[in-house]
1. Output ³J(HN,Hα) for segment 207-212: one whole-Hz value per residue in order, computed from phi by the Karplus curve 6.51 cos²θ - 1.76 cosθ + 1.60 with θ = phi - 60°, and x for Gly and Pro.
2. Between A136 and residues 5 or more places away or on another chain, which pairs have amide H atoms under 5 Å apart, with H built 1.01 Å from N, and which residues are they?
3. Pull up the DSSP beta bridges for segment 96-274 and report the antiparallel fraction as a percent, rounded to 5.
4. Cβ under 15 Å from E109's Cβ, E109 left aside: what net charge do those residues give with Lys, Arg +1 and Asp, Glu -1?
5. Could you check the simple spin-label distance between L178 and D226, using points 7 Å along Cα→Cβ, in nm with one decimal?
6. Rank-order 235-244, 183-192 by packing density, defined as the average count of other C-beta atoms within 10 Å over each peptide's residues, highest first.
7. Quickly work out the M234-to-K168 label distance, labels modelled 7 Å from Cα along the C-beta direction, and quote it in nm with one decimal.
8. Could you order peptides 199-209, 247-257 by the average number of other Cβ atoms within 10 Å of their residues, highest first?
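Values quoted throughout were computed directly from the atomic coordinates according to the rules given, and no laboratory measurement underlies them. Note that the structure is a prediction, hence the values are computed from the model and not measured. Neighbour counts run over all protein chains shown; Cβ positions are idealised from the backbone, glycine included.
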Amino acid sequence: MDEKETQGAANVENDTRNNGENSPIMENESNAARRLRLLGGDTEDKIHDASVAIKKGNFFANLWYQHKWAIIIGAVFVVIFVVFFVSIITQPEYDMYIAYAGPLYTDGETKLAIEFAFGKVSKDYNGDGEKLLNYAGITYQNDEQRKQTAEEMQGAYGVILHTNENYKAKTTIQSQMLSGTVAIYLLDEALYREYEANMVDLTSIYKDIDPQIMAGKSGVYFKQTDFFYYMYSMEEGRGLNNLPDDTVLCILPKLETMDDQMYENSKELMKAILSFENQ
């Protein structure tokens, strides 16, 4: 071996003894080993996962930033649709509709008594297994009634309708009659006289009506019927006595806006009331 070869071998041996401190290859391997030891050997996986998380976070953040109003408006429409759909499927199906219009404010007791009494003689017309009656009370006072109420009250608590409220109530009565939703009415006599010519002749529904309880051909004084006396004798019907003594029971003729079957049911209920015998 010549002198140059001997010197080269000595240099390699010195590099090995120095643990690669002056070798680029050994330095890289040492750093890689150190990273694996510190990070548990899954450096690339953790870096990849962190990168994916950042990308996902950026995606949703950018989506909200760029389309937040569209998302908000869409969410509002979804909520409205859900509420509307639920209200439709949960809305009760009524077998009958009854309305009162007059000076009395029909509180809970009167309302419950009317629903109880009329429900006793009505049927499950829609066949859903229960009898449901929809009642609407409209408080209306003419000028004379308002004046009389004010005098009777003399500062005490009560219901006195202002002119504007009376106008709204009268408009509601007329609109309801034209809508055809309700056929059977309990009306204050003064109000009944305004619409008497438009009501059905009750003798066409039941002929044997006691003439003494009739308010013309188209109505009967409700509190003079056997139906009232019987229902009032029951605990659940005591609230019927709150109705004014001159309250008239009547029924509208068949209008184009009325459901055919619902109107026939109303006539059948009216006949059951007029023919009712207090036993």
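1. Residue by residue, segment 207-212 yields 7, 8, 7, 5, x, 6 Hz.
2. Here the answer is I98, A99, Y100, since their amide H atoms fall under 5 Å of that of A136.
3. 40
4. After counting each charged neighbour, the total is -2.
5. A separation of 4.0 nm, rounded to one decimal place.
6. Descending mean neighbour count gives 183-192, 235-244.
7. 3.6
8. Ranked from most to least packed, the peptides come out as 247-257, 199-209.
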